[in-house]
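Working notes, beginning with the structure itself.
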Amino acid sequence: MRRIPRDCSCCCRRCCCCCCRAPQPPLSPLPWPARASGRWGPMARGAAPGAASLRASPHAHPLRGPASLEGPVLQSRPLDLVFIIDSSRSVRPLEFTKVKTFVSRIIDTLDIGPADTRVAVVNYASTVNIEFHLQTHSDKKSLKQAVGRIAPLSTGTMSGLAIQTAMEKAFTVEAGARGPGSHIPKVAIIVTDGRPQDQVNEVAARARAAGIELYAVGVDRADRESLQMMASEPLDEHVFYVETYGVIEKLSSRFQETFCAVDPCMLGTHGCQHVCVSDGNGKHHCECSQGYSLNADKKTCSAIDKCALNTHGCEHICVNDRAGSYHCECHEGYALKEDRKACAAQDRCALGTHGCQHICVNDRAGSHHCECYEGYTLNQDNKTCSVRDKCALGSHGCQHVCVSDGAASYHCDCHTGFTLNEDKKTCSAIQEAARLVSIKDACGCEATLTFQNKVVSYLQRLNTNHLMTFWRSCKQMNMDKYII
């Protein structure tokens, strides 16, 4: 088998056989962004117009997507992390220094602290030594100094015993590991360059069953089958190989990305219709813009009735719009102020929009009412008017006297000595009765009878209201004695 030149970072080339992830050149360590979390506007399909958007960097990681974005995308997840490093005779002092540099570079990419990532180191050969526990160092500086002081043991390679020691002594609550209720991942990274001299299959299986995620890093002569037996599934994400210790530190960038919590709000993979809110540790939740509520799918939004919620601030009337928003309106006689919420009294009478047929009267409350001219009454619509007294209006047409019979009804009458004509409006003087009397034959019976017949005939044509007038006329002419 052809050997890869020593400047190659991984045996993932066609010219060798190993179990790295993919045939890619090594990645240099990425600059570590500051811890951040926040709210990001619409990123999903169907987002609201005008929403801010974020663009991914064209330089993407070949395995896990974007490695760098405009702004903070990655942040360290809290871990209980234990390094299990091989310091057997096959690891020369300079090479062991490279291992410690590799460990320090991974520590540089993590947020170290009691509430963040805690680190322990298990050093092994034919014996196992816990160099420091998870609770020993709570800051990055002292942790790296402790790593720098680790000395190689320079004996055999008891990888199984090292895993068992880490599981039973390093990952305990007494040693600083956090309990299952904290949901803090337990992670172990095993670095070795040889074949284990004890059984690793069963002890690694027990460690994985106990919730420990195992990564295996093989260097130079490391046994591929043993690496696979120790590592967690999927193997292509938990088994690494490098040709020499000289390039092992370049794997730190791979672990940086592995231990980072990718912010889906920044990547635009959140699926929120309106607003994505980062909760940290790679988690997020969706929220909605004002006037909308989150649906049961926790991603999409529906318009809510702001008017029904009584949070609109309208002084008079709230009107819902189709887009889930609203606008304010005012009662009749009021106009909306500049703030589009409050209302000011308006002079409807002056504007000429009152609708009154006769007279518009402004009220103090900014409203108005209608009234009618004299002789008219307001109709039920409170706007139009009807005649109340036709006689008072002077438009009745009676020649002498107008007599009101009630609302909008009347009849004409005549003065004394006059009678109403057939047109029911004009009057004529009563002179015919006088012409009917003949003085010279007034005492004759025949003349009297003729006069009476004529009087009766005439009286039938007279209005009852004028009988007394005729009687008085006869009396004045001393003719009342001829009327029976």
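Determine the gain in length on full extension of the stretch Thr101-Leu351; use 0.36 nm per residue of separation and subtract their C-alpha separation, reporting nm with one decimal. Working shown, then result.
Details: separation 250, 0.36 × 250 = 90.00 nm, distance 8.64 nm.
That works out to 81.4 nm of additional length.
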Using modelled backbone amide H atoms (1.01 Å from N, in-plane), which distant-in-sequence or interchain residues come within less than 5 Å of Tyr376's amide H?
Arg388
Take the alpha carbon atoms of the range 412-428, find their center, do the same for the range 282-321, and report the distance between the two centers in whole angstrom.
80
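Could you work out how much longer the chain between Ala344 and Gln290 gets when fully extended? Use 0.36 nm per residue separation minus the Cα distance between them, nm to one decimal. Each step should come with its number before you reach the end.
On the way: separation 54, 0.36 × 54 = 19.44 nm, distance 2.77 nm.
Using 0.36 nm per residue and subtracting the Cα-Cα distance, I get 16.7 nm.
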Amide H neighbours of Asp111 under 5 Å, counting only residues 5+ apart in sequence or on other chains, H built in-plane at 1.01 Å?
Ser76, Thr117
For the range 335-434, which GluC sites (Glu not before Pro) are both in a DSSP coil and crowded by at most 16 other Cβ atoms within 10 Å?
Glu338, Glu374, Glu422
Mind giving me the nanometre distance, one decimal, between the label points for Glu233 and Leu94, set 7 Å out from Cα along Cα→Cβ?
4.3
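So what is the relative contact order of the range 98-152, in percent, for Cα pairs below 8 Å that sit 6 or more residues apart? Don't skip to the answer; put the middle values down first.
Values: 52 pairs, mean separation 19.1, N = 55.
Once normalised by length, the contact order is 35 percent.
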Can you compute 3J(HN,Hα) from phi for each residue in the range 125-142, using the Karplus curve 6.51 cos²θ - 1.76 cosθ + 1.60 with θ = phi - 60°, rounded to whole Hz and x for Gly and Pro?
8, 7, 10, 10, 10, 7, 5, 7, 8, 4, 8, 6, 10, 10, 9, 5, 5, 5
Note, ³J(HN,Hα) from phi for the range 349-360, Karplus 6.51, -1.76, 1.60, rounded to Hz, x at Gly and Pro:
5, 5, 6, x, 10, 6, x, 6, 6, 10, 10, 9
Once both labels are modelled 7 Å past Cα along the beta-carbon direction, what's the Ala146-Lys454 spacing in nm?
15.2
What is the distance in Å between the Cα centroid of the range 232-276 and that of the range 196-229?
21
Mind giving me the nanometre distance, one decimal, between the label points for Gln199 and Leu393, set 7 Å out from Cα along Cα→Cβ?
12.1
Extension gain Glu168-Lys383, at 0.36 nm per residue separation less the Cα-Cα distance, in nm?
67.9 nm
Sparse-neighbour loop sites [trypsin sites (Lys or Arg not before Pro); the range 71-166; at most 10 other C-beta within 10 Å; DSSP]
Arg149
Using amide H atoms built 1.01 Å from N in the peptide plane, name the residues 5+ places from Phe418, or on other chains, whose amide H lies under 5 Å from its own.
Ile430
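Every number here is computed from the coordinates shown, using simple stated rules; none is lab data. These figures come from a predicted structure and were not determined experimentally. Backbone-built Cβ (ideal geometry, glycine too); neighbour counts: all protein chains shown.
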